[in-house]
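A.B. asks: What follows is a single structure, and I will ask about it in a moment.
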Amino acid sequence: MSRERFQSNDAAAAVDPLSRDGRLAWPLGLEQLAYGGDYNPEQWPRETWVEDVALMREAGVNLVSIGMFSWASLEPRRGEFHWEWLDEIFELLHEAGIRIDLGTPTAAPPAWFFRAHPEARVIDREGRALGPGSRGMACPSAPAYREAATGITRALAERYGDHPALALWHVHNEYGAPVGESFSPFAQAAFRDWALRRHGSLEAVNNAWGTAFWGQVFGVPEEIHAPLPTPSVQNPSLELDWRRFSSEQILECFRAERDILREITPHIPVTTNFMAHTCPNIDLWQWADEVDVVANDHYLIAADERNFVELALDADLTRSIARGRPWMLMEHSTSGVNWQGRNIAKRPGEMARNSLSHVGRGADAVMFFQWRASRKGAEKFHSAMLPHAGTGSRVWHEVTELGAELGRLSDLRGSRVEAEVAILWDWESHWAQDLPWRPADDLSHRAQIQTWYERLWRDHIATDFAHPEDDLSDYRLVLAPASYLLTDAAAANLDAYVRGGGNLVVGPFSGIVDADDGVRAGGLNAALAPVLGVEVHEFCPLREGREARLVLDGKPLRSRLWCEDLQLHGAEAIGRYTDGPLPQGTAATRHSHGAGTAWYLASDLDVEDLSALFSEPYSAAGLAVRDLPEDVELLERRSTDGTRHLIAINHTGEPAIIPVEGLRLEVPAGGVATAHLPAAGAPATD
Ligand code: GAL
């Protein structure tokens, strides 16, 4: 197949309504919600491809992701390209009207690459060189890897850029996992330059990292080092900068590939699949601005029986990093995965509930790993759209039903979710709080955010996530459950938000360090003390297994982990400890600040007890707790013409009836119901 044979895709590049900043931002030419999955035809004989495509049509598949791990099949020996099989797949899919999300295979360099460039292997913290024999194992800072990755990317773009089936570029696979850092000599040299650039001079690096402590001062730039193993704990500020650096090194790899794709195929949008909640290694606020459309992979935590709440958090976080624009669920599973301890099969209806929960939170694509279950390799026990049990299976039946349902929901495409509450989320703060030698290792920012999020989830209040430096003025309520690190700009932003009439609720151990993980002059929470009207004098974590009782909003509550000794400077105590290390001490406060109010909780509360903290802020913000059956969700998206799309999801074993504006939405046990309400006028159901 030669490039000339294609009918050019350029003609099809009419501006899509979802375009962003003048660039196309959606799988080109796809006018429905996207449905499909990773497709790995190179694992199968040709006869199977024909069957695959026929079954994809039967299932309602309109988009497949191919090629993410195909480098060795496309270029089995250096410079020797085998395009025939991919040409054929392009034609087969095109004839069937299925669009292609084409991967660049740079998450799995071939064996020849590592043989030629052993120096490009990832070096782990203990100094071991990793791979080959798996995937994702090249060092992001190695020049040979960068050159080879951009080389195969260019070859792919030149070969398929004009093919009419090409809808989207999918660069790499899950950047940051499994490789989030490499300690190769290339990386270490790049880190030295990066640190000098970030801080401006060697003296500034020494200051930022506080190297005077334990006599770590660098006399010349060559002494700046990566956080390699040390006899005692590593310098925390250096560790934090290493995380920043590693995220940016990987981002440079993405940018290099993306820029080639934009140069050769400016009409095709570019994405890469994130793992918003689960990959801790990359700062997605920074990354999300670099893609044309945000795509996310989500896998349930099998051990968690109510894992649909974590799913909801991940989806809301993804929409938020996409800045409210429609996004793609690029991967999830039809049933069990195979990489957790016990891989729990999804129960009937669960896959549809999961999928529609993502859609209700702004996803315009429902994609899976993977189309057909592999017979060989590490993931042969992972579920698929077409499982080993074939088309007679329950999973296949549900896959075809879901395809049909998504076909009926085409009008949702492009509609938005509106939230009046935001939770602050910052990867840099998470990195810093995870560093060792804290007052309590188990005061987890992640658990804290999840608990506060779950309170909102149970109260049926739609929630965005926001960076602490974002403009927050449109939110009626902002929650900062775990903001350990706040930059000066973020602290000023929160102050301005409250002064301007905002409602802010802050959780414990917040506003403690600056951008370099240094405690500010002026006290432990100097960044937030003025807005909260409270100074933290001491952290007083509890011994394991102990509890401290407190009273808040007249209710007896329990803390299991954390207390703080507070001094009030303008705030009012609204909660007090009755025992524990600080009997009669203040546990929670309220502070009027400018036209707004800030609340502070200096303790950890579970999701039930948090109701007592949130009741006042909810009413100040004019937010009502919705009266719905427990574990039934009601999600809403709104089209630009004002049409409201409702998706109700019933996670329980009992049918539920939800009254919505004169409408009775009947949601079967374990099922989903949808309805569309026109902008004004009579409601219409599905
Ligand atoms: C993802 C990955 C896929 C597949 C999947 C299995 O993280 O991108 O390639 O491995 O996990 O759950």
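A.B. asks: Please note which strands (runs of 3 or more DSSP E) are completely contained in segment 606-686 and include at least 1 residues that are touching a residue at least 40 places away in the same chain (Cβ under 8 Å).
C.D. replies: Correct list: 632-638, 644-650, 672-677.
A.B. asks: Could you tell me whether any residue of segment 595-602 is in a loop (DSSP other than H, G, I, E, B) and either in contact with a Ser or Thr (Cβ under 8 Å, 6 or more places away or on another chain) or surrounded by 19 or more Cβ atoms within 10 Å (Cβ to Cβ) (or both)?
C.D. replies: yes
A.B. asks: Filter segment 52-69 down to residues that are away from the ligand (no atom under 16 Å from the Cβ), in contact with a Lys or Arg (Cβ under 9 Å, 6 or more places away or on another chain) and open to solvent by 10 Å² or more (accessible area, probe 1.4 Å) and give me whichever is farthest from Arg99 (Cα to Cα).
C.D. replies: Among those residues, the one meeting the criterion is Leu55.
A.B. asks: I'd like to know if segment 347-368 contains one or more residues that are under 30 Å from Ala419 (Cβ atoms), over 22 Å from the mean Cα position of the chain (by Cα) and surrounded by 16 or more Cβ atoms within 10 Å (Cβ to Cβ).
C.D. replies: Yes, segment 347-368 has at least one match.
A.B. asks: Between residues in segment 68-84 that are farther than 21 Å from Gly133 by Cα and residues that are within 16 Å of the ligand (Cβ to nearest atom), which pairs lie under 7 Å by C-beta distance while being six or more apart or on different chains?
C.D. replies: His82/Ser73
A.B. asks: Given the structure, is Arg438 part of a loop (DSSP other than H, G, I, E, B) and surrounded by fewer than 23 Cβ atoms within 10 Å (Cβ to Cβ)?
C.D. replies: In short, yes.
A.B. asks: Ok, one more. Might you check whether a residue that is over 28 Å from Gln370 (Cβ atoms) and either among the β-branched types (Val, Ile, Thr) or part of a loop (DSSP other than H, G, I, E, B) (or both) occurs anywhere in segment 153-164?
C.D. replies: No, that holds for no residue.
A.B. asks: Is there a residue being under 26 Å from Met351 (Cβ atoms) and open to solvent by 50 Å² or more (accessible area, probe 1.4 Å) anywhere in segment 655-662?
C.D. replies: yes
A.B. asks: Would you point out which residue out of Ala167, Ala144 is surrounded by fewer than 22 Cβ atoms within 10 Å (Cβ to Cβ) and in contact with a strand residue (DSSP E or B) (Cβ under 9 Å, 6 or more places away or on another chain)?
C.D. replies: Ala144
A.B. asks: Has segment 291-298 got any residue that is more than 15 Å from Arg319 (Cβ to Cβ), in contact with a Pro (Cβ under 6 Å, 6 or more places away or on another chain) and either without any contact (Cβ under 8 Å) to a residue 12 or more places away in the chain or more than 16 Å from the ligand (Cβ to nearest atom) (or both)?
C.D. replies: yes
A.B. asks: Quickly run through segment 211-267 and pick out the residues that are of a type in the set (Val, Ile, Thr), under 26 Å from Asp514 (Cβ atoms) and open to solvent by 60 Å² or more (accessible area, probe 1.4 Å).
C.D. replies: Scanning segment 211-267 gives Val217, Thr230.
A.B. asks: In addition: I want to confirm something. Restricting to segment 268-309 and keeping residues that are acidic (Asp, Glu) and buried (at least 19 other Cβ atoms within 10 Å of the Cβ), which single residue is farthest from Ala447 (Cα to Cα)?
C.D. replies: Asp292
A.B. asks: State all residues of segment 333-389 that are acidic (Asp, Glu) and either away from the ligand (no atom under 11 Å from the Cβ) or in contact (Cβ under 8 Å) with a residue 60 or more places away in the chain (or both); if no residue qualifies, say none.
C.D. replies: Those that are acidic (Asp, Glu) and either away from the ligand (no atom under 11 Å from the Cβ) or in contact (Cβ under 8 Å) with a residue 60 or more places away in the chain (or both): Glu350, Asp364.
A.B. asks: Looking at Ala404, is it more than 16 Å from the ligand (Cβ to nearest atom) and under 22 Å from Asn40 (Cβ atoms)?
C.D. replies: It is false that Ala404 is more than 16 Å from the ligand (Cβ to nearest atom) and under 22 Å from Asn40 (Cβ atoms).
A.B. asks: Of everything in segment 130-141, what is open to solvent by 20 Å² or more (accessible area, probe 1.4 Å) and either assigned to a strand (DSSP E or B) or under 25 Å from Ile100 (Cβ atoms) (or both)? Give them in sequence order.
C.D. replies: Selection gives Arg135 alone.
A.B. asks: Could you list, in sequence order, the residues of segment 82-129 that are open to solvent by 60 Å² or more (accessible area, probe 1.4 Å) and either in contact with a Lys or Arg (Cβ under 8 Å, 6 or more places away or on another chain) or among the aliphatic types (A, V, I, L, M) (or both)?
C.D. replies: Across segment 82-129, the qualifying residues are Glu88, Ala111.
A.B. asks: Just the residues that are among the hydrophobic types (A, V, I, L, M, F, W, C) and more than 15 Å from the ligand (Cβ to nearest atom), please, taken from segment 318-332.
C.D. replies: Across segment 318-332, the qualifying residues are Ile321, Ala322, Trp327.
A.B. asks: Give the number of residues within segment 177-193 that are open to solvent by 20 Å² or more (accessible area, probe 1.4 Å) and either touching a helix residue (DSSP H, G or I) at 6+ places or on another chain (Cβ under 6 Å) or basic (Lys, Arg) (or both).
C.D. replies: Number of matching residues: 2.
The values are calculated or read from the model by the stated rules, or taken from the named source; none is laboratory data. Being a predicted model, the structure only gives us computed values, none of them experimental. Backbone-built Cβ (ideal geometry, glycine too); neighbour counts: all protein chains shown. Ligands, DNA and RNA are stripped out before the accessible areas are found, and what is left, the full protein with its side chains, is counted by its heavy atoms. Shrake-Rupley method; radii C 1.70, N 1.55, O 1.52, S 1.80 Å.
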